[in-house]
Amino acid sequence: MSEVNEKKEKKGLFARLKEGMSKTRESITHAIDTLAGVYKELDDDFYDELEMILISADVGVATTEKIIDKLKEEVRARREGNPENVKGILKEIVADMMQAEPFNPQSPTVVLVVGVNGVGKTTTIGKLGCYYKEQGKNVILAAADTFRAAATEQLTIWAQRAGVPIVAHGEGADPAAVVFDAVASAKAKKADLLIIDTAGRLHNKTHLMEELKKIRRVIDRDFPEATVRVFMVLDGTTGQNGVSQARVFRDAVDVDGIILTKLDGTAKGGVVISIQEELKLPVYFIGVGEQKEDLQVFDPKDYAEAIF
Amino acid sequence: MAFEGLTDKLQAAFSKLSGRGKLTEKDVKEAMREVRMALLEADVNFLVVKDFIKKVTDRAVGEQVFDTLNAGQTVVKIVREEMTAMMGGTHSRIEFTGNPPTVIMLIGLQGAGKTTLAGKLAGMLLKQGKKPMLVAADVYRPAAIKQLQIVGSQVNVPVFEMGQDKPVSIVRAAKKEAIRTLHDVMIVDTAGRLQIDDTLMTELEDIKAELNPQEILLVVDAMTGQEAVNVAKTFDERLNLTGVVLSKLDGDTRGGAALSIRAVTGKPIKFASIGEKLDQIEPFHPDRMASRILGMGDVLTLIDKAVEAVDEKKAVELEQKLRKNQFTLEDFLEQFQQVRKMGGMADMLSMLPGGNKIASEVDEDEVNKSMGKTEAIIRSMTPKERRNPGILNASRKRRIAAGSGTTVQQVNQLLKQFEQSQQMMKQFTKMGKGGKFGRKFPFKF
Ligand SMILES: Nc1nc2c(ncn2[C@@H]2O[C@H](COP(=O)(O)OP(=O)(O)OP(=O)(O)O)[C@@H](O)[C@H]2O)c(=O)[nH]1
Ligand SMILES: [Mg+2]
């Protein structure tokens, strides 16, 4: 398997991010540059076009209007008249909106990973496991997706790649019981970091959200000395439904932040700007591929730079 | 909820248009601004929205407003009709070859839901009397083969696999095996891939060349945003899709991607995947999807009911009577029955944007009871009395009250109401052509 998986040559992290997002960047930068060339002054048409560029990045209508309003304000305040310079201001605004505190897990920390089906939870956990293991942390993975076929096997392969232990019960088991055991194991092994994979679930399924709450209760009750961080994984190709996902998961299990995946595609994941605006949930990491090194700490400036 | 807010906004924009016989460009433009917002919020691609708005605007401008509906509703109707047309008909069929095995290839981005869908299709075809076989051609994602094997065993369909061999070799061997073992359908689960990954897209082309599939179905997550257009377009250009399957439609997404995909590929959406259980697959309903994207299924249902319930010819007759001041209790009764046909007052109110609030304040039983009473009273009158309520003296009123299970007081109340209505009607018709009857129910209940 590893031969096939290693088909892509290895590259540095930053190169990967840049490469991963280059298509995105090219198209948008190109669009804005063209705009700047076409428009000699900052008129309504200019802003309308800018609006369309943001909307096409899945930023959403309401947030786009907010951004454009801010932009106009800034442009007025700075007496800016040159379309060329507007791009820089736009980047600043977006980067400002996306500021977040860095995630530095103190020992012991439990990371609970949640999200709708197929967004990249298991893969991201594999990458996180590799990342923190390489930083010298004592990491344990927990396979609390006991629902999806072969989910445990999938995470087991990732645990092997990362060289970290995994706690698993197999298909059909009670996910809360897996978590219970994982917490015990993390305590016994004095783990720095316990990362829990959960089954993908659509946020409008109440009973599945209840199951998630139960998992969270087990962690809070049995591991009070640990810091708990809940990350919602969001597929970068998701549109405005991302806001609804973030809201419901936050209300259910008190999500701390977002991990935005699949940014190696053409999608921009602009809905995270709305999520940050509306729900104050920052982005912590981004996924830019399927290999273990395809994980990046989210940097608002890079993100803004990469999209525009 | 954002959902209701949208419906309200749309209706608010449309309500400004009411009361005119024809729609002007300005009217339509105003309403279209709201439609545009709605579509963008639903994740329809912005270029598709642009085209769509143009189409609808062209059609709506100058459109004669149907008598029984206000102008806004006419616009809504056009919007839905155009959208349903764009969505295409129902195509929930699989093309089978006379020379089995029929090959179905499932392709799409990572995490779209291909493997689960493979299981669902296999189960569905098995039930239809076919003898399907699943083929594991996702050699990249960890445990993908295992996942397909489990799914296959759950639906009692065998899975062909060759581990992490080359996908093209796998499918070649699979086809031989299918022929040998007399399986008449083979469903190939491929690895998720980005449409810009040239190596992996070429791999799909190679698989296609090897198999000559009857069906190449693109599986798309219903929650996909603006990129749905680029994804679908590239997959279609490189592989010439035969259809699309929307997955995760059991979520609360409005699913505008469906419209985007239709617009750029023109390929039919064949199935909707609506849950994690393996029997949760259904034919795709273009009309329902159109309503869902607009977030206004209820308003549209109401319009349908109005069109159904109101007999246009009768409405014209009624208008004539009104003009000649011949509106009688019989007509009054008919009006009531129309409201009834539309599901009763509370039902009707609740379907209107903002009406939910009113409906929740209105005691439905009370309203229906009072409507029922009114009907009963009129029914207890002789035709002569209905046409000429002036002849109703005390003894006639007592008879009517007894016959309808009401009181004389209630009979009087109704007569007074009717008189007021007649008064209103007179003024109404005097206002001339502006006020076409039937657009509103001029009665208070
Ligand atoms: N291109 C790309 N693919 C990704 C990325 N992250 C995950 N994937 C792929 O997306 C698919 C789904 O990923 P999973 O990790 O299985 O997703 P999940 O959320 O655990 O899925 P469920 O457990 O089934 O809900 C797999 O094919 C992954 O390889 C990413 O950043 N980029
Ligand atoms: Mg998973």
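The values are calculated or read from the model by the stated rules, or taken from the named source; none is laboratory data. These numbers come from a predicted model, not from an experiment. Using ideal geometry, Cβ is built from the backbone for each residue, glycine included, and neighbour counts are taken over all protein chains shown. Just so you know, the surface numbers come from the protein's heavy atoms only, side chains and all, with ligands and any DNA or RNA stripped out. Shrake-Rupley method; radii C 1.70, N 1.55, O 1.52, S 1.80 Å.
Calculate the translational D of the range A:174-258 in whole µm² s⁻¹ from Stokes-Einstein, where the hydrodynamic radius comes from the Kirkwood formula applied to all Cα pairs, the temperature is 10 °C and the viscosity 1.306 mPa s. In µm²/s, the coefficient rounds to 115. Dipole orientation for chain A: of the candidates A:Ile157, A:Ser274, A:Gln291, A:Ile157 has the Cα lying most toward the positive pole (charges on Cβ; Lys, Arg +1; Asp, Glu -1). Computed over protein heavy atoms with a 1.4 angstrom probe, the accessible surface ordering of A:Arg216, B:Arg238, largest first, is B:Arg238, A:Arg216.
For the range B:168-183, putting each phi into the Karplus relation 6.51 cos²θ - 1.76 cosθ + 1.60 with θ = phi - 60° gives couplings of 5, 5, 4, 5, 5, 5, 4, 5, 4, 4, 4, 5, 4, 9, 6, 7 Hz, in residue order, rounded to whole numbers and with x for Gly and Pro. Legend: mean number of C-beta atoms from other chains within 10 angstrom of residue C-beta atoms, peptide A:54-61, equals 5.
Exposure check, 1.4 Å probe, all protein chains in place: A:Val59 carries approximately 0 Å² of accessible surface.
Can you give the mean number of other chain Cβ atoms that lie within 10 Å of the Cβ atoms in peptide A:146-157? It would help to have the intermediate numbers written out before the result.
Working: counts 0, 1, 7, 15, 12, 4, 2, 7, 6, 2, 2, 4.
Partner Cβ neighbours, averaged per residue: 5.
Which value, in square angstrom to the nearest 100, describes the accessible area buried between chains A and B on both sides, using a 1.4 angstrom probe? That pair of chains buries around 3700 Å² in total.
Which pairs in the list B:Lys77/B:Lys233; B:Lys131/B:Lys176; B:Lys26/B:Lys55; A:Lys133/A:Lys301; B:Lys248/B:Lys277 are over 18 Å apart, alpha-carbon to alpha-carbon?
Working: B:Lys77/B:Lys233 29 Å; B:Lys131/B:Lys176 15 Å; B:Lys26/B:Lys55 15 Å; A:Lys133/A:Lys301 27 Å; B:Lys248/B:Lys277 11 Å.
With Cα atoms farther than 18 Å apart: B:Lys77/B:Lys233; A:Lys133/A:Lys301.
Once backbone amide H atoms are built at 1.01 Å from N, A:Thr237 has no partners under 5 Å, excluding neighbours fewer than 5 places away on the same chain.
Couplings 3J(HN,Hα) of the range A:175-188, computed from phi: x, 5, 5, 4, 5, 4, 5, 5, 4, 4, 5, 5, 5, 4 Hz, in residue order, whole Hz [Karplus 6.51 cos²θ - 1.76 cosθ + 1.60, θ = phi - 60°; x for Gly and Pro]. Placing a label point 7 Å from the Cα of B:Leu47 along the Cα-to-Cβ direction, the residues of the range B:193-232 with a backbone N closer than 14 Å are B:226-232. Of the residues A:Val228, A:Val113, A:Val61, the one that moves most in a GNM of chain A with alpha-carbon contacts below 10 Å is A:Val61.
The alpha carbons of the range B:121-204 give a radius of gyration and a Dmax of 13.0, 38 Å, in that order. Run the accessible area of chain A with a 1.4 Å probe and give the carbon-and-sulfur part as a rounded percent. With neighbouring chains kept in place, the figure for chain A is 48 percent.
Taking amide H as placed 1.01 Å from N in the peptide plane, B:Phe160 has its amide H under 5 Å from the amide H of B:Leu134, B:Val135, B:Ala136, each at least 5 places away in sequence or on another chain. For chain A, what is the calculated [θ] at 222 nm in deg cm²/dmol (nearest 500), taking -39500 (n - 2.57) for each run of four or more DSSP H residues and dividing by its residue count? Theoretical 222 nm ellipticity from helices: -17000 deg cm²/dmol. Karplus-derived 3J(HN,Hα) values for the range A:264-272, using 6.51 cos²θ - 1.76 cosθ + 1.60 with θ = phi - 60°, are 7, x, 8, 7, 10, x, x, 5, 4 Hz; glycine and proline are entered as x. The heavy atoms of A:Thr198 present about 0 square angstrom of accessible area, all protein chains included, probe 1.4 Å.
Calculated on the alpha-carbon coordinates, the convex hull of the range B:102-284 measures out at 101 cubic angstrom per residue. Reported to two decimal places, what Rg/Rh ratio describes chain A when computed on Cα atoms with Rh from the Kirkwood expression? Radius of gyration relative to Kirkwood radius: 1.02.
Take A:His169, A:His203, B:His91, B:His183 and sort them by solvent-accessible surface of the protein heavy atoms, 1.4 Å probe, largest at the top.
A:His169, B:His91, B:His183, A:His203
If A:Ile166, B:Ile78 are ordered by their accessible area, calculated over protein heavy atoms with a 1.4 Å probe, which sequence runs from highest to lowest? Intermediate results must be reported in sequence, preceding the final value.
Details: A:Ile166 50, B:Ile78 0 Å².
Putting A:Ile166, B:Ile78 in descending order of accessible area: A:Ile166, B:Ile78.
Computed with every protein chain present, the accessible area of B:Met124 is close to 40 Å² [probe 1.4 Å].
Going down the table (A:Lys205/B:Lys120; A:Lys205/A:Lys292; A:Lys87/B:Lys267; B:Lys130/B:Lys267; A:Lys121/A:Lys205), which pairs top 27 Å between alpha carbons? Each step should come with its number before you reach the end.
On the way: A:Lys205/B:Lys120 20 Å; A:Lys205/A:Lys292 31 Å; A:Lys87/B:Lys267 38 Å; B:Lys130/B:Lys267 25 Å; A:Lys121/A:Lys205 18 Å.
Where the Cα-Cα span goes over 27 Å, the pairs concerned are A:Lys205/A:Lys292; A:Lys87/B:Lys267.
Per residue of B:140-151, other chain Cβ atoms within 10 Å of the residue Cβ number 6 on average.
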